[in-house]
Amino acid sequence: MKPSSNNHCVAFLFLTGFVSLLGQVILLRELNVAFFGIELLYALAFSIWLTGTALGALAGKRTYVPGYTVITMLFILSGLLLPADLTFIRCLHSVFGGVPGAFLPFDRQMIALTAALLPFSIVMGLLFQWCARSYTAAGGTLAKAYAVECFGSLTGGAASSLFLFAGMQNFQITLLCSAACFLTVFMLIKRKRTRIAAGFIAVLLVVLSFFCAKSVDDLITSAGFGRRVESTDTPYSRVTVAALDDQVSVFEDNALVYESETTDAEEFVQLASLQSSNPDKVLVLGGGFKGIVEELNRLPVSAIDYVDYNSKMIEFITAHLPPKRQAALSSPRVHMIFMDPRSWLRKNLKYDLILTGMPEPSSAQNSRFYTVEFFREIASCLNANGIFSFRIPSAENFWTPVLKKRNASIYKSLKSVFANVIVLPGASNIFIASNDPLTTDTRLLTERLLSRNLNNKLVIPQYVTYLYTNDRYDEINKMLNDGAAILNTDIRPVCYQYTVAIWLSKFFPQAALWNFTLPDTLRKPVYKFIAGLILVLVILAGRKWLTFRRSLIVFLAGFQGMVLELVLLLNYQMQNGILFGNIGVLLMAFMAGLSLGAWMVNKHRNKLTGIILIISSILICLLFGYLLSTGNICGFGLTFLSLAVAGFITSGLFAWAASTNAADQNAMISPLYAADLLGGVIGAVLANFMFIPMLGLAETAEWMAGVGGFLVFCL
């Protein structure tokens, strides 16, 4: 049965976009947790998602026009797949025989990613194709269908973030998304029995989401851990707590960040504080619950400001901590502040000792606490003889070349701000910096330690002497003074490229020897000219085929749009540290641009429109590159606007290619939509594994102006 009116088609397209983006955000959040918060996952996940959507868009005959009864069956399938996918992702390690807390072998990771994303994404691609065919058969255009679907995606992105910030868990959101699929069937299908069944399931899912979700959620999560746990989703990450007797283990995005029985906090706090003869006012940036605040309370300090960006995480964890840790956090000397640590530093308050308890720079969210700009903000908040310290996991006996480069990059960035830096060896390296002279006199250090009359488990005079006098101390300081090391900055987070290599070296040991630095010779204009000339010749060779030309325009637009989207998202995370919760709203901005661009260009289908769009794409990329290099794209508002503009240009080119001299709209749906998605796939992979690691964010955006230049030859 065919749609009885164009209204059905519009509703189908809108709901396709809504379910597709909301489902995508749900699955990306789950996969981010399942793979321990490694952001490289986003590139691989985006690629698999877009590939599956492209396969769905290409499936079937181009002349087939489905009825809405068939389309509703796909909505039913989507409603069933999504919660099944979530359960599968949370149990990935058990399903593939993994060890809790350890990465799966690389091949199993890729199989797991594909199995989690491909079925749902294929259904979404097929759903758009069929809805668009029904819409064009009823007299609409492909550009309008694309605009409506993007508007639905916009709404889905907004809903994903609103739900999370309202305190709803990802599992609850999953049930509501599935309910929306069955509600679509209830509203738009005419068969009475099917309507009743779909309506009943929709109501049941809504009831479950509000009354039973927490217990089921913890049950599914516990199955993935192999033991009883409690977890909660915050705007920044998923936090999980496992307790056994007096021992408490805390996991953030499934990665162990703290367990209550270690001496890590004692080692870090006591060794750093020994460099100050009388630390009085102290600032702790993140990680205070890991015992840092408790250790500081043992020192004769008058005030401790503890700043953490994730209030929900702290509240959740504190309720599970041992009584001593709870008492330390509620001490009258402790002033707890919930805001972004870098925003707090911009208040320029003065401290004697600043400790950073942030995780290692294995992601953009964490790398922003190891850049030159961050260290400058720290220096502005220290008193004349103030001390700054942080620690990063390393290796005690052997540093691979890539680990050496990462540590040297951080050391060089720190040295560019502070006159004096000491690095203490160990499984974790403790960095201590000051613009006042630091001491390596073990006699003085042990005197200070003894005068504090502390009953330490690890940091005793003999241990202090050992750390400053053993051969590793001199050895690692020589390795850190690597003249070839690159500064880690907000705009060029080189630690991100080392993360790529360190992560891959877990599965491919030779990756530890890779060099991600682009040779200066390849930056010369002659090489850029040769690469551009080759692509121009390919474009000119295919100009005589109209379908090829259209598909190439859409491919390049999709490629450019995806790279810009990832650059802007990564920059936002570097500047603000919050992506887990805001990813839905930011994707909504891109989708809003996609919807508006397709809608407006559909009304102005001429060659002049294409010329304006291509010139605009070149200028926008150059503008983004400049704004990124100067640090002017940093807040939510400007990032939102930039993503919307990038989306507008991308969909505008899609709509222009689809509408110009195109008599058969139906025949273009599959090839153009697939070309758009394929461009996105290749853009996601190259951006994450080549452009951003080698060029940095600003230069990557500028290179995308060259992609806009190639579009001129497609006119």
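The values are calculated or read from the model by the stated rules, or taken from the named source; none is laboratory data. Just so you know, these numbers come straight off a predicted model, no measurement behind them. Glycine also receives a Cβ, built like all others from the backbone with ideal geometry; neighbour counts cover every protein chain displayed. These area figures cover heavy atoms from the full protein model, side chains too; ligands, DNA and RNA do not enter into them. Shrake-Rupley method; radii C 1.70, N 1.55, O 1.52, S 1.80 Å.
Quick notes
- In the range 364-381, the residues that are of a type outside the set (D, E, K, R), open to solvent by 10 Å² or more (accessible area, probe 1.4 Å) and either out of contact with any strand residue (DSSP E or B) (no Cβ under 9 Å at 6 or more places or on another chain) or modelled with pLDDT under 95 (or both): Q365, N366, S380
- Pairs with Cβ under 7 Å, 6+ apart, first in the range 625-640 and on the phi > 0 side of the Ramachandran plot, second β-branched (V, I, T): G631/I491
- Being buried (at least 16 other Cβ atoms within 10 Å of the Cβ), of a type outside the set (F, W, Y) and within 25 Å of the chain's Cα centre (by Cα) is a description that does not apply to L188.
- Checking E475 against (1) of a type outside the set (V, I, T); (2) in contact (Cβ under 8 Å) with a residue 60 or more places away in the chain; (3) open to solvent by 30 Å² or more (accessible area, probe 1.4 Å); (4) under 21 Å from P425 (Cα atoms), the condition it does not meet: (2)
- Odd one out for T356, checked against (1) open to solvent by 10 Å² or more (accessible area, probe 1.4 Å); (2) in contact with a Gly (Cβ under 8 Å, 6 or more places away or on another chain): (1)
- Pair list, Cβ under 7 Å, 6 or more apart: the range 169-196 residue at negative phi, other residue part of a helix (DSSP H, G or I) and of a type in the set (K, R): N170/R29; F186/R195; I189/R195
- Counted residues, the range 278-292 - those being touching a residue at least 40 places away in the same chain (Cβ under 8 Å), in a loop (DSSP other than H, G, I, E, B) and under 22 Å from V459 (Cα atoms): 4
- Boolean, T440 is buried (at least 16 other Cβ atoms within 10 Å of the Cβ), farther than 16 Å from E295 by Cβ and either over 38 Å from the mean Cα position of the chain (by Cα) or charged (D, E, K, R) (or both): no
- The one condition in (1) modelled with pLDDT under 75; (2) open to solvent by 10 Å² or more (accessible area, probe 1.4 Å); (3) over 19 Å from the mean Cα position of the chain (by Cα); (4) over 24 Å from G593 (Cα atoms) that F507 fails to fulfil: (1)
- Where A485 falls short, out of the listed (1) open to solvent by less than 20 Å² (accessible area, probe 1.4 Å); (2) outside any loop (DSSP other than H, G, I, E, B); (3) among the hydrophobic types (A, V, I, L, M, F, W, C); (4) modelled with pLDDT of 70 or more: (2)
- Contacts under 8 angstrom Cβ, first residue in the range 293-317 being over 21 Å from P359 (Cβ atoms), partner part of a helix (DSSP H, G or I), 6 or more apart: N297/A328; L299/V269; L299/S273
- Hits in the range 326-384 - residues which are charged (D, E, K, R), over 14 Å from G288 (Cβ atoms) and in a loop (DSSP other than H, G, I, E, B): D340, R346, K347, K350, E360, R368
- Comparison of L686, L711, L677 shows that the only residue that is closer than 24 Å to I612 by Cα, modelled with pLDDT of 80 or more and assigned to a helix (DSSP H, G or I) is L677.
- Flag for S416 being small (G, A, S), open to solvent by 40 Å² or more (accessible area, probe 1.4 Å), closer than 19 Å to T489 by Cα and out of contact with any Leu (no Cβ under 6 Å at 6 or more places or on another chain): yes
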